[in-house]
Structures are given as C-alpha cells and as structure tokens.
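Take a look at the structure set out below.
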Amino acid sequence: MERQLLGLRGFLIDAPAFGALRSKRRGALIIENSRIVEVGDFDDLRRSERARGLEWIDHGAAAIFPGLIDCHTHLPQYPAVARGESELLPWLRENIFPVERDFTGPKAREQAPQFFHELARHGTTTAMVYSAIYEDSCDVGFEAAKASGLRVILGKVMMDVGSYGTLQPRKVVSVSLLESERLCRKWHGAEDGRLEYAFSPRFAVTCSEKLMRGAAEMATRFNAYLQTHLAENKEEIEKVHHLFMGARDYTHVYEKCGLLTPKTVLGHCIHLNSREIAAIAAAQSNIAHCPTSNFFLGSGLMKLDQLMKAGINIGLGSDVAAGPELNMWQVMRAAIDVQKARANYEPNLRPLRPNEALHLATQGGAKALGKADKIGSLDPGKEADLVIVDLASIAPYSKDRQSLDDLSPDDVVALCVYRGGPHATVQTYVRGQRVYERG
C-alpha cells in the first residue's frame, strides 16, 4: 500500500486526563496512513526527516482537537428535535414512536446519509447510535455509516412491551433476537473495525426479562456492545418498580438480566441510589451523560461528581431527539450548566470547567466505549480522528491568527464550548481520511 502522509498546522488542544489541558499554540501533527505519527511545534516538525517534501495544510486561526465522541443518540429521531413539551414517557408515545414507526423504506434511505453527514459537520467522529425496531432500516443505517467514513456503533432497538411494531407479542422476542443477530454478524467489526454492533434493548419499561436476557447473551457471544437507558425519569423508575417487583431497584433489573458488562453504555443515570452506583462501577459498565436531553424533558440533574468518584467511565451524548441538536459543543456547555444548577442548592460543589467537559467529549467518551488506546487525544500512535475549528468564526469579532495569540488554551476551549458549532467546523477527519470539509 502506498504510504499516505498528511501534515496539519494549528493550535493543538486536547484533554487527555480530567482537568488536564494540553496544547501547542503553533503546533502541527503528521499523519501517516491512518495514525498520528508525530506531534510538536511546527518549526521543529517541518525540519524532521519524515516531513521532507510534505505539503502542510494550514487553515490560519484554527484549533485542532481530537474528534468529538457522541456516546448516545437516535438516528430515526432527528426530524423530531424540539418537538413536544411533556416528560419522557408521554413524549415517547406522542412524538417519538410515530417517527420511529415511519423510519423504514425510502424514508430511512433518504435520512440516514443526511444524519451521518450532520454528525461530521458538527465535528463528531464517533457515535453510538440507536436505530428503529426494523432490521431493514438498521441495515440502511449501517450502509450510510459505511459511506460516511465515520466511526459508528449502531443497533436495532429491541422492545416487546408496548412496541410500535405489528408482530404478535409472543413472536416479538424471537424475531427481534434473530434480526439483531443477523445484523451483528453482518456489521460487527466491518470496515476494519470502524463499524460495530450494539444490542439495544430500549429500557426496562418496554422490554421483558426474556428479551433483555437474550440481548445480553448475544452481546457476550459476539463480544458486541450493549446500550440501554437507565433512571432517566421518576415516572419511568416507578413504572419499572411495578413491572419488576422482585428487583431491589431499577439497576438490579439489568443486573439480573446480565446487561451490566464492561461493553455496556447506560444512557442518563440521573436518579441512582448508592447501591446502584456501586453495582455499575463493580460491573465496569459505562454511562452516557445527556444534559441537553435532560434539560429539554425536565428529567433532572446528574450527580456527575458521585459517579466519577465511584470510578465509572462517563462520556457525553446528544440524545437526539430529546436533545435538540447534534452539536457536542452545546452538550459540553449543558454539562457545565447542570453542575452550576446543582451548586445553587448543594453547598461546596465544585463546578465543571470547560476543559473537563472537553475531556468528557473526547478521551472520556473514548474510555466509555473502550477505545481510549485508539482515539480521544492527540497522542502519537492513535488513529487520526480530528476536528479543525475556525477560531475567527467564534471570536466576538472576526480576527486573524495574530490577534488571537493572546488567548490562552482555556480561553480557546471556552470559546468553542460556548460559541462552537457546525459554522466553525473547517474539516473533520476519521483515521486520517477527510469525512467533512466546509464549503
């Protein structure tokens, strides 16, 4: 294979550890084939042996970040963003199940490519995604993910209680497991591991114990991911209590069914007791914090400090369509706002800083997905998943590179968190391949 070399110049910024920001103001990195091979000051790298004859890409007043990681979102729901003003369960019935019911055939083929293009335009390089209950539309979603060049973990939603499907209840479990297995066999590990499968029981309100056990067994058999929702809403928790009277709490339902594994990502996890937090930590399961969604549905404020203190890996999720946008910079902003809101009634609570939110959206998300050795930071040897942000477009007034030199790395991160979005995305790369470029 012919060697492919690419050099990028810019303000390099990453957050390899929680609370630790790393930067090079006049930085550069060299990508060979799919990996970052050198990182340093531009003046040093351009004189290196590897850079001989290399053409450098320079976007002027631009910052280069690790690609953003969305640990929880829903492909069929994007058309329903900002729709409805109710809480979780009625919102699902009135706004979401009808949209998912229609996500099949031509509609899925039309929308899926647009969805993944939107992710790349927002600077997201890795996403963990739910499809609808249909095998065909999940297959279409994988085809679109393959064409997009993004790193995608996707799964067909599984539900057999109150499902919007047309199958008789006694047939749903066997059919859902069979369809999920076929999709997993076809797509898990495809594109040299860029595409992976997640068995996706929606949540305990819509899943029987038989379905959840079956999903857990298959995920173990294929070494695939599991994704579901947990403790998002108080009415949801009460309903689970009545459906599973023998369980000690909501998390125990998943424990008994084998759903808590190191490859499990649990969405929300707002209303957990200390036993549940300990159980999730002991199982080495992971959490997707979805603050824009939690604000939109009024679900509650996550106790981030308690979960992190327990040693649980936590990433961020847009949770479209309860989250009103795919913009992970705004998700970071909302994560900060959640902790600020808590601080109004919880004394001595330390605020979440922008550089810590960036960590959750990059290296933190990579840890939650078991990919911390591959993506999430700008270390040599990692796969080159990157987003380049035009700083002039988010500064208060349009500025050139020289006038931005007085900004500290923390200033740049805060500007991106509070003002960033697709308008500022210059280019997005996955494994060194450009998957988006601003026109």
Matching entry among Pro380, Pro409, Pro396, Pro422 (being more than 23 Å from Arg25 (Cβ to Cβ), in the same structural domain as Ala28 (by TED's automatic domain parsing) and surrounded by fewer than 20 Cβ atoms within 10 Å (Cβ to Cβ)):
Pro422
Among the numbered criteria (1) touching a Leu at 6+ places or on another chain (Cβ under 6 Å); (2) over 23 Å from Gly165 (Cα atoms), which single criterion is violated by Ala216?
(2)
For segment 256-279: of the residues being among the charged types (D, E, K, R) and surrounded by fewer than 20 Cβ atoms within 10 Å (Cβ to Cβ), which is nearest to Glu235 (Cα to Cα)?
Arg275
Only one residue in Gly123, Gly84, Gly67, Gly27 is on the phi > 0 side of the Ramachandran plot and out of contact with any helix residue (DSSP H, G or I) (no Cβ under 6 Å at 6 or more places or on another chain), so which one is that?
Gly123
Could you identify the single residue in Asp58, Asp44 that is more than 20 Å from the chain's Cα centre (by Cα) and within 17 Å of Leu386 (Cβ to Cβ)?
Asp58
Which of the residues belonging to segment 424-439 are in a loop (DSSP other than H, G, I, E, B) and farther than 19 Å from Ala366 by Cβ?
Arg438, Gly439
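Residues are listed down the side, and each one gets a yes or a no for (1) touching a helix residue (DSSP H, G or I) at 6+ places or on another chain (Cβ under 7 Å); (2) without any contact (Cβ under 8 Å) to a residue 40 or more places away in the chain; (3) farther than 22 Å from Gly315 by Cα:
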{"site": "Arg342", "(1), (2), (3)": "no, no, no"}
{"site": "Glu346", "(1), (2), (3)": "no, yes, yes"}
{"site": "Asn355", "(1), (2), (3)": "yes, no, no"}
{"site": "Gly365", "(1), (2), (3)": "no, no, no"}
{"site": "Gly376", "(1), (2), (3)": "yes, no, no"}
{"site": "Ala384", "(1), (2), (3)": "no, no, no"}
{"site": "Pro422", "(1), (2), (3)": "yes, no, no"}
If only one of Tyr78, Tyr130 is in contact with a Gly (Cβ under 8 Å, 6 or more places away or on another chain) and either within 30 Å of Asn233 (Cα to Cα) or in contact (Cβ under 8 Å) with a residue 40 or more places away in the chain (or both), which one is it?
Tyr130
Tell me which residues, restricted to segment 146-172, are aliphatic (A, V, I, L, M) and at pLDDT 95 or above.
Ala147, Leu150, Val152, Ile153, Leu154, Val157, Met158, Met159
Does segment 171-184 contain any residue that is within 20 Å of the chain's Cα centre (by Cα) and surrounded by 24 or more Cβ atoms within 10 Å (Cβ to Cβ)?
no
Any residue at all in segment 225-233 that is more than 20 Å from Gly162 (Cβ to Cβ) and either out of contact with any Gly (no Cβ under 7 Å at 6 or more places or on another chain) or of a type in the set (Gly, Ala, Ser) (or both)?
yes
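The values are calculated or read from the model by the stated rules, or taken from the named source; none is laboratory data. The structure presented is a predicted model; accordingly, all values stated were derived computationally and were not measured. Cβ coordinates were reconstructed from backbone atoms using ideal geometry, including for glycine residues, and neighbour counts include every protein chain displayed.
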